[in-house]
C-alpha cells in the first residue's frame, strides 16, 4: 500500500513539474527569440537540467554517480546511454556534463506541451519507418553538430524490459561516424527496477547507478562492439 501511495505521489509531482518545465522552455523560446538559436537552446537545457534534478530530488531515490572527466571540456560529444526506464531522461539531464540535444522518436514530439517544448528547444525527431524523412532528420542532426553542440541518443531505441542490453538500432553508429564526435558510453543501472516499463509502480528503495566512461573514437570500426562490451560488462 505504501509503495502504491508513493507511486501516486511521484507520478503526480512528475507531471506537475514536467508541465511547468515545458511551459518554461516554450517561454524561453518566445522571450529570447532575438537570441541566436544556440543560446536559446543553452538556456533551455539549463531549465531541463533543473527539471531533472528536481524530479530526482522529489523521488527520494538515491543515485550513485561516477562521472569520468571529459578529455576536452570545450569539445562536443555523442552521449550514448543504455535505456531502462523513463528515469533515464531525468538522469541524463541532471548528470551529463555538457549541454546536449536529444535525438528521439517522433511520437514524443506530439505529446502536448512536452513534445512542443522539445521541438521548440531544437531536439530532433527521427521517423524510423520513413527513409526519406529519416534522411532529412540526419541532415538536421549533422547541421546541429556543425553549429557546435553535443547530442544524446539511446542506441537501443527503446527501454529494456529486463535490464539487459537490447540490440542497437541500425544507423546510430553511422550517425556517430558522420558526426565525428567522440562517443561517450553512459551506463544506467537499476533504473528499470525502480520504474519497470509499462508499470505504474515506482520502487524508491533501489539505488540507481549512473556512470560515464572515456570516449570512444567514432571513426573506429569497432566502436559499436566496444560500446556494447563496456555496457554489458557493467550491467
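Below is a table of values for the structure above.
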quantity: Extension gain from residue 31 to residue 217, taking 0.36 nm per residue of separation minus the Cα-Cα distance; calculated: 63.1 nm
quantity: Residue 207/residue 139 FRET efficiency (R0 45 Å; Cβ-Cβ; nearest 0.05); calculated: 0.65
quantity: Segment residue 197-residue 107, length gained on full extension (0.36 nm per residue, minus Cα span); calculated: 30.7 nm
quantity: Principal semi-axes in Å for the chain [√(5λ), Cα gyration tensor, largest first]; calculated: 26, 23, 17
quantity: Estimated inter-spin distance, residue 225 and residue 68, nm [label 7 Å along Cα→Cβ]; calculated: 1.9 nm
quantity: Order of 159, 177, 205 under a 10 Å beta carbon neighbour criterion, fewest first; calculated: 205, 177, 159
quantity: Within the chain, helix-based [θ] at 222 nm, where runs of 4 or more DSSP H residues each add -39,500 (n - 2.57), nearest 500; calculated: -15000 deg cm²/dmol
quantity: Cα gyration tensor category, rounded, prolate or oblate, for segment 29-118 with a/c compared to 1.5; calculated: oblate
quantity: Net lengthening on full extension, residue 147/residue 46 (0.36 nm per residue, minus Cα-Cα); calculated: 34.5 nm
quantity: For 77, 198, 9, order by how many other beta-carbon atoms lie within 10 Å, fewest first; calculated: 198, 9, 77
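Values in this text are rule-based calculations from the coordinates and carry no lab data. Keep in mind that this is a model prediction, so the values were computed, not measured. We place every Cβ from the backbone using ideal geometry, glycine too, and count neighbours over all the protein chains shown.
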